[in-house]
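Derivation of every value follows stated rules applied to the coordinates shown; laboratory data play no part. From a predicted model like this one, the values you see are computed outputs, not experimental measurements. As a convention, Cβ positions derive from the backbone with ideal geometry for all residues, glycine included, and neighbour counts pool all protein chains shown.
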């Protein structure tokens, strides 16, 4: 009975493993006598092992594990510098740690070799020929190479070449990007295979399970570059063939690979049926290119090209171009123009866009933005699909943190910026070119900056409480037709606190602004004043306020709760009235309006806190309420003024005409700004301007966003401006419906025009190895439908660094 006890069997297994190791030592002298530190050794363990002398081999049965182990090189010995390093305890003035005694015979002793298992083979029965270094195995055969796991009913394997043949076998990549099965699989290299009468899928499938989709072939080769080459391939859905191709190459590695991306299908009332079959070219580890041969039955061929490169997070760029010889852009297509209201007449239509980020030298930051379109209608018409405006803008916003001008904008900026910041100072240079796509040519044309420079900074004056800051700039304004020229602008200011008592905070600031113009005319432009102009302005601001803080504890331990900060303030702002009638008007720096007003308000902030008793409390923004107004003191007050002079640039457009047209009052609207963030998933902001003389709301807006832990997203925006006659509501909902179904609804609706400007609805089914989306996009000019079908690791956009 003792011979069959678990303890005896365990001991027997270890004994047989040790015996086999000794046997391998004598039977493979060539391997063990090699002087290479990477010498390989094969160790085997099993429930039962039988040794044979001729040929020299072993037969193993039950729970067999055969391991290939690689000897790792020893760590390098310490350098002389490392030997003489001062102990940290000595540097820190601490008691030196007691050093462990080292015996003389240990000083020159070589470190023990470290072994790493590189291949593991398991089976129920195995014969191991130690002379030929080959095995034959059957029953639950499994070979794990670290990257691939191969299972089979039977196997014959050359251990030296790592090649062999397998029956009823499957191969699964460790990153689950490939699953292969075949009646016979021939292993031709470390991770290369020939598969006979099998199928492939680029995601994991449980053994015996019918794959949701697969590529089947009589002959499949997995090549070293990470490709599956299939001859006479069939695309199967649940085992049913629905598509045949005589030759197919699939990327079977979860990295960037050259090959076809999955096609995009669409149907539109204006475009007709559309097909886009992208081809991805992996140029190098840091660059790639995608070709988009798109075709619309009602418009023609629309090729596209995208080039990308990346050498790091701040060293990257992308440029995309699409072009179309539009068959609908013909005067005879009267129905097209009548139904859509489009005004373009050109048939050559294109959109070139791109961005680049780079850091040069000593932290010089550069930003390039390209946005060139052929006509004002292009982005409104082609706003769906992988190269449409919507997805292109989202893609660049996610990658570069900035997107493009609104698709309805008729002037589109193209800029190259270079910026350097150091010690409280910033220098920025800009080249600006404007793409003008207005339907009617106007005079003057848009201004270009060729170039402009802005230099700003802040400094304290010695050890005093005084500080000074400055804004300075130069710009060369050029335009095709109209008035341009050079402008130099310098605006320094000095500020200091004004002591008014223990409970009041006060600060005054005085500045001077000098602006010089050298005026030029271009094209048909005319200028009747002197070419050289000059302006000198002074400005003054004084603010007095105080802050009151109160903690409200939520528990008896006074460890958590919220605080309320109240900050009432009064400001006086003055800017004299200076004659500027002879100055050119380029932007907001020119023709600055005079100011003489008193601004007053109160800011409220609510913050949640926790761990108050520890002295290191954590704070979280919870809510704020800001209320402000101003009173105009100008003698020649006419009833309108610019709120931007107050630094209230977040006010709506309606706030620029502060006073009601039928009132001579000097009080501005009442400005209310409030926000609420009760959780990390919910945020609400509301802004409103209220007429001080009883005419109610003149402008207000609402923004609300809610997210869930599982990824649902809901947002609602509402804006109203009485002055601009604008009332708009936008809504977005992206949610998980049931099981594998997801939906997204995005609507932009103009209440003032009683018109839906754009609506996009999509329904997506997401399975383990594939997904399908049905998408509809509506605009007043067009209705489009798209079908997007994605296979796991095939057909999606492959980003740099994947």
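Please arrange 355, 187, 626 by counting, for each residue, the other beta carbons lying within 10 Å of its beta carbon, fewest first.
Values: 355 22, 187 27, 626 17.
In order of increasing Cβ crowding within 10 Å: 626, 355, 187.
Order of 564-576, 158-170 by packing, highest average Cβ count within 10 Å first? Show your work: numbers first, answer last.
Values: 564-576: 15.7, 158-170: 17.8.
The densest-packed peptide leads the list: 158-170, 564-576.
Would you kindly compute the Cα radius of gyration of the range 255-394 and its largest Cα-Cα separation (Dmax), both in Å?
17.4, 59
Where the centre of each part is set by its Cα atoms, how far does the range 133-200 sit from the range 472-496, in angstrom?
72 Å
Using only the alpha carbon atoms of the range 464-597, find the Kirkwood hydrodynamic radius as the inverse mean reciprocal pair distance, in angstroms to one decimal.
Result for the range 464-597 stands at 18.7 Å.
For residue 422 and residue 65, compute 0.36 nm times the residue count separating them, minus their Cα-Cα distance, and round to one decimal in nm. Let's see the in-between values first.
On the way: separation 357, 0.36 × 357 = 128.52 nm, distance 6.26 nm.
So the chain would gain 122.3 nm between residue 422 and residue 65.
Please report 469, 581 as a ranked list, fewest other C-beta atoms within 10 angstrom at the top and most at the bottom. Each step should come with its number before you reach the end.
On the way: 469 17, 581 6.
Least to most surrounded, the residues fall as 581, 469.
For the pair residue 602 and residue 580, how long in nm is the line joining their label points, each one 7 Å along Cα→Cβ?
Inter-label distance under the simple model: 3.5 nm.
If you count, for each residue, the other Cβ atoms within 10 Å and average over each peptide, how do 389-396, 119-126 line up from highest to lowest?
119-126, 389-396
Tell me whether the range 410-457 comes out rounded, prolate or oblate; compute the Cα gyration tensor, take square roots of the eigenvalues as a ≥ b ≥ c, and use a/c under 1.5 as the rounded threshold. Could the numbers behind the result be given before it?
Numbers: a/c = 4.26, a/b = 3.27, b/c = 1.30.
Judged from the Cα gyration tensor, the range 410-457 comes out prolate (a/c at least 1.5, a/b above b/c).
For the range 662-722, build the convex hull from the C-alpha positions and give me its volume per residue in Å³.
So the per-residue hull volume is 67 Å³.
Compute the normalised compactness of the range 666-802: alpha-carbon radius of gyration over 2.2 N^0.38 Å, N being the residue count. Please list the in-between numbers first.
Numbers: Rg = 20.2 Å, N = 137, 2.2 N^0.38 = 14.3 Å.
After normalising by residue count via 2.2 N^0.38 Å, the value is 1.41.
Which of the three applies to the range 363-459, rounded, prolate or oblate, going by the alpha-carbon gyration tensor with a ≥ b ≥ c and a/c under 1.5 meaning rounded? Don't skip to the answer; put the middle values down first.
On the way: a/c = 3.53, a/b = 1.53, b/c = 2.31.
Cα axes put the range 363-459 in the oblate bin.
Mind ranking 403-413, 371-381 by how tightly packed they are, going by the mean number of other C-beta atoms within 10 angstrom, highest first? Each step should come with its number before you reach the end.
Values: 403-413: 16.8, 371-381: 21.6.
Descending packing order for the listed peptides: 371-381, 403-413.
Over the range 477-605, calculate the relative contact order: mean separation of alpha carbon pairs under 8 Å at least 6 apart, over the residue count, as a percent. Write out the running numbers ahead of the final one.
On the way: 273 pairs, mean separation 26.3, N = 129.
Relative contact order here is 20 percent.
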